[in-house]
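Data first, discussion second: the structure below is written as structure tokens.
The values are calculated or read from the model by the stated rules, or taken from the named source; none is laboratory data. If you're wondering where the values come from, they're calculated on a predicted model, not measured in any experiment. Here the Cβ is made from the backbone with ideal geometry for all residues, glycine too, and neighbour counts use every protein chain on show. Just the protein is used for accessible areas: all its heavy atoms, side chains included, with ligands, DNA and RNA removed. Shrake-Rupley method; radii C 1.70, N 1.55, O 1.52, S 1.80 Å.
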Amino acid sequence: MSRLFLFDVDGTLLTSGQAGQSAMEEALLLEFGKSIDECDISYAGRTDRAIMTDLMAWHHIENTPENFLRFQTRYFELLPRHLSDGRGIVLPGVTSVLDAINVESNDWTGLLTGNFEHSGWLKVRHFELDHHFSFGAFGDHHVDRDDVARLASEAGLERHGDRLKEVWVIGDTPADVKCGRAIGARVMAVATGHYSVEELSACEPDVAVADMSQHDEILEALLG
């Protein structure tokens with residue numbers, strides 16, 4: 001193996017049934033008494049740090065380290081309950097694709113996600129996917145997905161050095177395509193989130209598919 005595979009989480013591996021968004025909104029209400037009913041903040045393809053920062057700004061909450069920690073800590077407390085509501089699923093074909101690329105080892109497979117590290121692992125553990133991944137890069141400290149992608153690339157180089165010949169980013173948003181290009185990776189766009197195959201194809205990924213049940217096409221691209 002000489003290829004590194006970096007997977008987005010929400011909309012790519014799984015749908016949490018909006019557990020993350022619901023937990024974040026409840027945390028905002030419980031900690032700061034703010035309702036999100038009229039808030040127009042985008043979640044898709046963004047880091048949790050960026051989302052929380054925007055939510056606090058929208059509701060005129062001072063973004064001090066203490067307030068941010070209050071918000072984040074309550075979110076982490078609430079997320080498991082929202083995940084357990086049963087509305088989420090592992091997306092079609094995901095398990096079989098991960099089984100195929102990890103047949104020998106998961107050393108070359110990581111997460112590249114805007115989730116905080118703690119909540120990202122909570123999600124993949126809840127859906128029993130965590131054993132497929134040996135490392136990850138997360139949205140704890142960056143508002144730009146490109147910066148998270150650079151962390152993932154650096155982690156891959158640290159793990160594999162000169163053996164690393166190719167990097168694939170697999171995600172469901174234009175931001176995934178963009179961050180993959182930022183690190184010189186090849187990109188597979190999967191239309192299982194908020195964007196269609198046509199919309200994702202317009203961003204010029206190497207491959208665009210409807211979902212991961214297109215098993216043969218996906219493995220031919222990823223494994224060559």
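Solvent-accessible area per residue for the chain at a 1.4 Å probe radius, Å²?
45 Å²
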Quick one: P(r) of segment 83-224 from all Cα-Cα pairs, 10 Å bins, percents rounded to integers, in order of increasing distance. 11, 41, 41, 6, 0
Relative contact order (percent) for segment 171-224, with alpha-carbon contacts under 8 angstrom and 6 or more residues of separation? 31 percent
D206 versus H118: modelled label distance in nm, points set 7 Å from Cα along the beta carbon direction: 3.6 nm
Beyond 13 Å, what share of the Cα-Cα pairs of segment 81-128 remains, rounded to the nearest whole percent? 66 percent
How many angstrom lie between the Cα centre of segment 142-179 and the Cα centre of segment 17-40? 30 Å
With only helices counted (DSSP H, runs n ≥ 4, each -39500 (n - 2.57)), the per-residue ellipticity at 222 nm for the chain, to the nearest 500, works out to -13500 deg cm²/dmol
Estimated distance in nm for a label pair at E166 and S42, the labels positioned 7 Å out from Cα along Cα-to-Cβ: 3.1 nm
So what J values fall out for segment 45-53 if you push phi through Karplus, 6.51 cos²θ - 1.76 cosθ + 1.60 with θ = phi - 60°, rounded to Hz, Gly and Pro as x? x, 10, 7, 4, 4, 5, 5, 4, 4
Share of carbon and sulfur in the accessible heavy-atom surface of the chain [1.4 Å probe, %]: 47 percent
Among L200, G184, V169, pick out the residue whose Cα is farthest towards the positive end of the charge dipole of segment 132-224, where Lys and Arg carry +1 and Asp and Glu carry -1 on C-beta, about the Cα centre. G184
Residue by residue through segment 85-92, the couplings from Karplus 6.51 cos²θ - 1.76 cosθ + 1.60 with θ = phi - 60°, in Hz, x for Gly and Pro, are 5, x, 8, x, 8, 6, 6, x
Extension gain N67-D85, at 0.36 nm per residue separation less the Cα-Cα distance, in nm? 3.7 nm
